[in-house]
Structures are given as structure tokens and as C-alpha cells.
2 protein chains.
Amino acid sequence: MKLFNISPINYELEEQINHKIDFKTKPLNALGTLETIAKQLCLIQQTLTPTLNNTLLIVFAADHGIAAKNGISPYPQEVTAQMVLNFLNGGAAINVFCKQNNIKLKVVDAGVNFDFAKNTSLINAKIAKGTNDYSKQSAMSKQQCTEAIKKGAELVEQYHNEGTNCIAFGEMGIGNTSSASLLMSAFTKIPIEHCVGKGTGLTIDGVSKKTVILKQVQNLHGISKDPLENLKNFGGFEIAMMCGAMLKAAELKMSIIIDGFIVTSALLVAQAIAPNILDYCLFSHVSNEQGHKKMLSYLNAKPILQLDLRLGEGTGAAIVYPIIQSSVNFMNEMANFESAGVSNK
Amino acid sequence: MKLFNISPINYELEEQINHKIDFKTKPLNALGTLETIAKQLCLIQQTLTPTLNNTLLIVFAADHGIAAKNGISPYPQEVTAQMVLNFLNGGAAINVFCKQNNIKLKVVDAGVNFDFAKNTSLINAKIAKGTNDYSKQSAMSKQQCTEAIKKGAELVEQYHNEGTNCIAFGEMGIGNTSSASLLMSAFTKIPIEHCVGKGTGLTIDGVSKKTVILKQVQNLHGISKDPLENLKNFGGFEIAMMCGAMLKAAELKMSIIIDGFIVTSALLVAQAIAPNILDYCLFSHVSNEQGHKKMLSYLNAKPILQLDLRLGEGTGAAIVYPIIQSSVNFMNEMANFESAGVSNK
């Protein structure tokens with residue numbers, strides 16, 4: 001896929017950035033991870049005074065054909081649509097955290113199995129009313145996959161044009177930890193049984209059942225060298241749309257805040273298409289879904305938070321946001337030794 | 001010291017709190033640490049709708065007689081006063097983070113070796129112009145120690161009367177990681193060499209030198225069974241004042257956000273005086289000062305953040321604050337399954 005042209009970060013400013021950080025009134029490296037974040041944002045934005053403008057979180061929602069299968073999720077498929085309505089009514093966790101942290105929130109119907117009323121503030125990008133059951137056929141057609149990627153990219157471009165330079169993604173889709181596990185196994189080559197977790201709350205027996213089903217799915221489709229083929233076979237529409245959104249965001253040199261297991265599975269696809277995307281990613285947290293830690297390790301990613309979250313919706317990204325803001329603020333607002341008249345060692 | 005009457009948390013509401021958390025529109029336990037924080041705040045405040053009111057961070061600053069000793073800190077003692085002026089001018093890290101997170105910041109001169117101009121907004125609680133050099137005598141007299149504890153308690157009571165129900169503490173004092181290491185060793189019984197770290201940035205050689213000096217100090221004074229005796233021998237005025245402030249805050253059933261190594265050393269003294277204080281403490285982070293992890297482990301404390309911070313000033317507490325706010329907000333603002341019309345499993 002040659003649609004995205006992602007440049008690696010330019011390190012020319014590195015020395016100047018380090019100098020600015022090191023002469024702030026604090027011991028060397030004393031702000032730890034905040035210094036790492038500040039530096040990355042400076043490099044992405046090619047500046048010594050980074051900013052976070054119109055930060056946006058897009059939640060992509062879609063249904064999964066596999067979700068009808070008993071043993072994949074403890075919740076019925078209807079919950080996807082119900083939760084979308086909850087988002088629109090402002091009652092979900094992601095609403096609360098975005099509101100608190102002044103993050104603009106948009107909800108996208110990427111393929112929910114429900115007819116939403118026209119007058120809602122939902123962005124309609126429905127590819128179909130849920131994917132196919134991938135235990136029988138590919139989750140989506142090649143055309144649907146490309147369409148989803150394109151739609152995600154278009155949305156990001158639109159918000160970039162409106163001034164957003166920092167973006168996060170969230171997802172909702174009953175059954176989507178199964179897609180994420182299959183994608184994880186396909187891209188990391190970790191056996192599927194080590195990629196499957198309890199999702200929204202399966203018991204140990206439930207996890208075993210889910211593993212058996214997903215092993216059969218993997219055997220049916222095999223693992224392809226073509227990232228899009230894997231996405232088409234195992235993906236959800238929300239995952240494909242996030243993948244396109246991430247790729248476009250990196251092309252536009254936006255900072256991307258990565259959430260948990262499912263969002264990271266979309267990134268696994270994206271980085272297989274364009275490895276430079278990783279330069280633009282901040283990893284908000286390592287979730288309590290067991291595969292997530294291994295995904296991050298595969299990506300050499302150091303998560304900022306470890307709060308045992310496993311909610312999805314982009315909540316980890318929304319919760320970490322003030323810490324990213326703190327990184328920007330110390331860079332722009334803290335005095336240096338000279339200006340403050342403080343003796344350096 | 002029978003001055004403080006700290007009740008343990010009352011667990012009567014526990015079941016109701018758990019019920020409220022578990023019926024929010026999210027999988028069970030999906031908000032991980034945020035649920036733990038929310039529950040603790042509910043129990044402290046004896047409510048299902050906790051609030052954070054007029055949250056305050058007090059930075060206590062003081063000098064240390066030992067700081068003249070070569071090998072204790074890479075920075076000269078003057079930096080304590082210079083940093084206090086930096087706080088008053090709004091240029092330090094703690095200013096930036098408190099401003100960002102809407103935390104009221106107060107700076108207290110607990111015993112800085114400098115005459116500050118009268119017209120500054122500094123709170124004058126100076127016990128003396130720095131402690132004695134504890135390699136020769138006790139850091140302070142018994143009377144000074146009691147005075148510092150009392151002064152810290154008075155300050156907290158004043159702000160409690162003005163409506164503050166959540167409080168954090170920070171510190172500034174060149175040489176105060178040495179006091180903290182000595183107190184750590186005295187209360188945890190961990191040998192001093194495992195309590196000493198690089199502080200503001202000592203080299204490996206520097207740490208060895210510091211260890212030798214502190215071992216001699218420990219041999220000179222010994223370790224007492226009386227917490228106040230240890231505080232008097234090894235403490236700083238800022239540590240003693242924080243100790244009193246913490247004890248009063250817990251007595252008044254305020255939530256206390258604990259910062260890093262030095263603040264936690266004050267808590268070690270406080271919990272030896274009144275163990276129930278721990279019910280009221282939220283542990284913001286584990287710092288990069290090597291002893292801090294062991295301190296937290298001794299206290300059975302689970303830090304919220306792990307960001308390799310080692311700046312002091314209360315910065316870890318200020319940085320974590322939005323996550324504590326998120327815990328309160330989900331509790332108060334998120335819909336439950338019934339109100340949102342979402343199917344529970």
C-alpha cells in the first residue's frame with residue numbers, strides 16, 4: 001500500500017532540545033519519562049516549544065460476525081450499539097475523561113449492526129452491519145478493507161485541517177479482542193494461545209474456549225505476508241479504520257496517543273505497512289489484557305502508565321493526556337538555571 | 001506523642017461502594033487502579049460521591065547542617081534559597097504542574113539559611129537557619145522538633161478550615177536525601193548502604209562517599225525506638241514539619257497524596273507515631289531514587305505512577321493529580337448499566 005508517505009523523525013534538533021531540557025531548574029534527567037515525551041514531541045513538531053492543539057480522540061465502533069459465536073465474549077453483540085448510544089449521551093468512561101482533560105471526542109460508526117437515528121451526532125462511516133464470521137470466511141472483502149482504511153485517513157485529514165496536531169483513538173466492538181489476538185499472532189508470530197486473554201471478563205474456561213475457536217480461525221486463513229490480507233481476514237471495521245487513521249496522522253506529522261490492546265493491534269498492521277509510523281506514537285499504558293504487554297514489547301514501546309486498565313474506548317489515552325500536557329508545559333514554562341538565578345552544579 | 005487522634009477508615013460503606021463501581025457501564029474491574037483510588041476516597045470521605053475540594057500542595061523548604069560536608073550533594077546549600085525564590089517567581093517544575101492541574105500551591109520556609117524579604121508570599125515558619133550538622137550533634141533539639149511538627153499541623157488545620165479536603169506535600173532542601181536515607185534505615189531496619197542513592201545526581205563514587213558519612217552518623221546517634229528521637233537526630237525541619245502536617249491531615253480525614261523519597265521518609269516517622277495514617281494516603285509514584293521502592297514496599301504501598309521522576313518539590317503528587325480526579329469523576333459522572341440501557345452480562 002503506497003498510499004501513505006511517512007517520513008522518519010528528523011533528529012537535527014536533538015542537541016538543542018537536550019540542552020533546553022538539561023538547563024531547566026532541576027537535576028539532570030529528574031523528570032524521567034516526561035523528558036522523553038517532551039523530546040519526542042519536539043522532534044515530531046521540529047520545535048523547541050511544542051504544543052498540543054485541538055487534541056482529538058476518535059472512537060471507532062463496529063460489530064464482529066464472530067460475536068454471535070458462544071464463547072467469544074461474555075456480552076451480547078447488542079452492547080456495541082448500546083455503548084455507542086451511551087457515548088452519544090455522554091455517559092461512558094471515555095466521555096468523562098475527555099471532558100475532564102479537555103479532549104474533543106468524536107464517535108464514528110465504522111460498522112455497527114444497528115440503524116442509528118439520523119439526527120444523532122454520530123459520524124456515519126458504516127462499511128457494513130458488522131464483519132462476516134471469520135470462522136467461515138474472511139472478515140471483510142479486500143474492497144471493504146481498503147474503504148475502511150481510506151475513510152479513517154479522510155477523517156484524520158479533516159481534523160488536521162481544522163488544527164488538530166495530537167490525536168488518539170479508541171474503539172468499541174463486542175468481540176474485538178478476538179480480532180486483536182489474531183492480528184497480534186499474525187504480526188508478532190507469537191502462538192495464538194499466548195495472544196488470547198479474558199477480554200471484557202471471560203473466565204479461565206472461557207479463555208480456553210476462545211483460544212480453541214481462534215486457533216481454528218487461524219488454521220482456516222493462515223498467516224499472510226501481506227499486512228492487508230491479515231487485516232481483511234481477521235480485522236474489524238473499527239480496526240481497519242483506525243489503521244488508516246493512524247497512517248494518515250503519521251504522514252501529517254501528528255502525535256498519536258496509542259491506547260490499549262485493540263488500538264495497538266491496529267498499529268501492528270500500520271507499522272507493517274509503514275514502520276516509520278512508530279516515531280509518531282506515544283504509548284499511553286500497558287493494559288491488563290495479557291497480550292498487550294507482549295505487543296508493546298514487540299514494538300519496543302515503553303508505556304507511560306500501568307494502571308491495570310482494560311476498558312478500551314481510548315480510556316488509557318484520555319487518562320494519560322494530562323501527563324503529556326505536563327511534558328509540554330515544563331518545556332515551555334519552567335525557568336532555566338540562568339533565568340532563575342539558581343546555581344548549577 | 002498523643003497529640004494526634006487518627007481513626008482507622010470505617011468500612012461500613014464498602015459493599016455499597018463496590019456495587020456502585022461494578023454497575024458502571026464497563027467490564028468488571030476494567031478501570032483498575034482508578035477503581036482502587038475511587039474506593040479509598042469514598043471510604044475516607046464516607047460517601048458514594050467523593051469530591052476533591054481546594055486541593056493544596058505545600059512545599060516545605062529547609063537547610064541541612066550536613067550540606068556543608070563535601071560529598072553529600074552535588075549542589076551548594078545556597079540552592080535551597082535560590083529554589084525557594086524560583087518557587088515564588090513561578091519558574092519551578094512544581095509551579096508549572098500545580099498551575100496546570102489547578103492545585104493551590106503554598107511555599108513554607110521551615111528553616112532556610114537565608115533572610116527572605118518580608119514582602120514575599122512565602123509563609124514564614126522558620127525554626128532556625130538550617131539544622132545542626134548531624135555528623136557532630138543531633139540535627140535539632142527536641143523542642144525544635146516538636147515546634148516543627150506543631151507548626152506543620154497548624155498550617156494544615158488552617159487550610160482544612162478553608163475547605164481543603166485533599167492535600168499533598170513537597171520539599172526543597174539541599175542534602176535532604178541524606179536525612180531521608182537515615183530515617184529510612186532507622187524505621188525499616190534496612191542497612192544504611194541500601195538506603196542511600198544518588199539524590200540530585202551523585203556519581204557512583206559520590207554515593208559511596210555519602211554512604212560512609214551516613215554510616216558514621218548512624219553509629220554516632222544509634223537508632224531509637226522513639227520515632228521522635230530519630231526525627232530529632234536525623235531530620236530536617238521540612239521533614240519534621242511535613243510529618244506534623246500529615247498527622248493532622250489524617251486526623252482531619254483529608255486525603256493525603258504522598259510524593260517521593262523525602263516525603264515518604266516523613267511518612268515513615270508519622271506512621272510509626274500513628275499507623276492509621278496509612279489509610280488516608282495515596283501514593284503518587286515510585287521515584288528513581290533507589291531507596292524509594294523499598295520504602296513503599298515496607299509500607300505495603302502501591303504507587304500509581306512509575307515515571308522515573310526524582311525531582312522532589314512534590315512534583316510526583318502534582319503530576320498524578322489528574323488521575324485521582326479521573327477516579328472521582330468516573331464515580332460521579334459515569335452512567336450505570338440500567339440508566340444507560342446497556343445489557344450487563
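The values are calculated or read from the model by the stated rules, or taken from the named source; none is laboratory data. Treat the numbers as computed from the prediction; the structure is a model and nothing was measured. Reconstructed Cβ throughout: ideal geometry from the backbone, glycine too, with neighbour counts over all protein chains shown.
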**Asked** Regarding A:Glu35, is this residue assigned to a helix (DSSP H, G or I), without any contact (Cβ under 8 Å) to a residue 24 or more places away in the chain and among the charged types (D, E, K, R)?
**Response** no
**Message:** Checking the structure you have, find out if any residue of segment B:14-25 is crowded, with 21+ Cβ neighbours inside 10 Å, closer than 27 Å to A:Ser287 by Cα and without any contact (Cβ under 8 Å) to a residue 60 or more places away in the chain.
**Reply:** yes
**Message:** Return the residues of segment A:305-345 that are among the hydroxyl-bearing types (Ser, Thr, Tyr) and assigned to a helix (DSSP H, G or I); say none if nothing qualifies.
**Reply:** A:Thr315, A:Tyr321, A:Ser326, A:Ser327, A:Ser339
**Message:** Which condition from (1) within 14 Å of chain A (Cβ to nearest Cβ); (2) not in a helix (DSSP H, G or I) is the one that B:Val108 breaks?
**Reply:** (1)
**Prompt:** Looking at A:Glu338, A:Glu313, which is the one that is at positive phi, touching a residue at least 24 places away in the same chain (Cβ under 8 Å) and either among the acidic types (Asp, Glu) or more than 7 Å from chain B (Cβ to nearest Cβ) (or both)?
**Reply:** A:Glu313
**Message:** Quick test for you: out of A:Glu238, A:Glu229, pick the one residue that is over 29 Å from A:Tyr159 (Cβ atoms) and acidic (Asp, Glu).
**Reply:** A:Glu229
**Fill in**
Within segment B:224-280, residues being in contact with a Lys or Arg (Cβ under 9 Å, 6 or more places away or on another chain) and within 20 Å of B:Ile66 (Cα to Cα) number 7
**Request:** Assess whether A:Ile66 counts as being in contact (Cβ under 8 Å) with a residue 60 or more places away in the chain and outside any loop (DSSP other than H, G, I, E, B).
**Result:** yes
**Complete:** Going through (1) touching a residue at least 24 places away in the same chain (Cβ under 8 Å); (2) facing another protein chain (nearest Cβ under 9 Å); (3) assigned to a helix (DSSP H, G or I) one by one, A:Ile277 fails only at (2)
**Message:** Filter segment A:128-158 down to the residues that are in contact with a strand residue (DSSP E or B) (Cβ under 8 Å, 6 or more places away or on another chain) and closer than 17 Å to A:Ser179 by Cα and list them by number.
**Reply:** A:Ala128, A:Lys129, A:Gly130, A:Thr131, A:Ala148
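Matching residues to (1) assigned by TED's automatic domain parsing to the domain that holds A:Ala153; (2) of a type in the set (A, V, I, L, M, F, W, C); (3) under 28 Å from B:Tyr321 (Cβ atoms):
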residue: A:Lys26; (1), (2), (3): no, no, yes
residue: A:Gln45; (1), (2), (3): no, no, yes
residue: A:Asn70; (1), (2), (3): yes, no, no
residue: A:Leu85; (1), (2), (3): yes, yes, no
residue: A:Asn102; (1), (2), (3): yes, no, yes
residue: A:Ala110; (1), (2), (3): yes, yes, no
residue: A:Asp115; (1), (2), (3): yes, no, no
**Asked** Looking at (1) crowded, with 24+ Cβ neighbours inside 10 Å; (2) hydroxyl-bearing (Ser, Thr, Tyr); (3) assigned to a helix (DSSP H, G or I), which is the one condition that is false for A:Ser73?
**Response** (3)
**Item:** Residue among A:Thr203, A:Thr211, A:Thr188, A:Thr177 that is assigned by TED's automatic domain parsing to the domain that holds A:Asn233 and modelled with pLDDT under 95
**Value:** A:Thr203
**Request:** Pull up segment B:225-259, narrow it to residues that are in contact with a His (Cβ under 6 Å, 6 or more places away or on another chain) and crowded, with 23+ Cβ neighbours inside 10 Å, then point me to the one that is farthest from B:Thr188 (Cα to Cα).
**Result:** B:Gly236
**Asked** Given the conditions (1) surrounded by 15 or more Cβ atoms within 10 Å (Cβ to Cβ); (2) away from chain B (no Cβ under 14 Å), and given that A:Phe97 satisfies all but one, which numbered condition is not satisfied?
**Response** (2)
**Complete:** Checked segment A:316-333 for anything facing another protein chain (nearest Cβ under 7 Å) and either touching a Leu at 6+ places or on another chain (Cβ under 6 Å) or in contact (Cβ under 8 Å) with a residue 12 or more places away in the chain (or both); matches are A:Ile319, A:Pro322, A:Ile323, A:Gln325, A:Ser326, A:Phe330
**Message:** Scan segment B:98-113 and tell me whether some residue there is hydrophobic (A, V, I, L, M, F, W, C), touching a Ser or Thr at 6+ places or on another chain (Cβ under 7 Å) and either more than 27 Å from A:Thr25 (Cβ to Cβ) or modelled with pLDDT of 95 or more (or both).
**Reply:** yes
**Complete:** Only one of A:Ala148, A:Ala168, A:Ala153, A:Ala180 is aliphatic (A, V, I, L, M), in contact with an Asp or Glu (Cβ under 7 Å, 6 or more places away or on another chain) and not in a loop (DSSP other than H, G, I, E, B), namely A:Ala168
**Given (1) modelled with pLDDT of 95 or more; (2) in a loop (DSSP other than H, G, I, E, B); (3) in contact with a Leu (Cβ under 7 Å, 6 or more places away or on another chain), number of the condition B:Thr51 does not satisfy** = (3)
**Prompt:** Going by the structure shown, is B:Gly206 within 16 Å of B:Thr80 (Cβ to Cβ) and small (Gly, Ala, Ser)?
**Reply:** no
**Request:** Check whether at least one residue in segment A:41-53 is within 14 Å of chain B (Cβ to nearest Cβ) and under 20 Å from the mean Cα position of the chain (by Cα), and report yes or no.
**Result:** yes
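Here is a yes/no grid of residues against (1) surrounded by fewer than 17 Cβ atoms within 10 Å (Cβ to Cβ); (2) hydroxyl-bearing (Ser, Thr, Tyr); (3) closer than 21 Å to A:Asn53 by Cβ:
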| site | (1), (2), (3) |
| --- | --- |
| A:Lys294 | yes, no, no |
| A:Leu307 | no, no, no |
| A:Gly314 | no, no, yes |
| A:Ile319 | no, no, yes |
| A:Val328 | no, no, yes |
| A:Asn336 | no, no, no |
| A:Ser339 | yes, yes, no |
| A:Asn344 | yes, no, no |
**Fill in**
Picking from B:Leu41, B:Leu3, the residue that is of a type in the set (A, V, I, L, M) and surrounded by fewer than 21 Cβ atoms within 10 Å (Cβ to Cβ) would be B:Leu3
**Message:** I need the full set of residues from segment A:280-309 which are within 14 Å of another protein chain (Cβ to nearest Cβ), out of contact with any Phe, Trp or Tyr (no Cβ under 6 Å at 6 or more places or on another chain) and of a type in the set (Gly, Ala, Ser), in order please.
**Reply:** A:Ser284
**Request:** Tell me which of these A:Asn86 doesn't satisfy, since it passes every other one: (1) crowded, with 20+ Cβ neighbours inside 10 Å; (2) in a loop (DSSP other than H, G, I, E, B); (3) free of Cβ contacts under 8 Å to residues at least 40 places away in the same chain.
**Result:** (2)
**Given (1) closer than 25 Å to A:Ala301 by Cβ; (2) under 23 Å from the mean Cα position of the chain (by Cα); (3) within 14 Å of another protein chain (Cβ to nearest Cβ); (4) not basic (Lys, Arg), index of the condition A:Met83 fails** = (1)
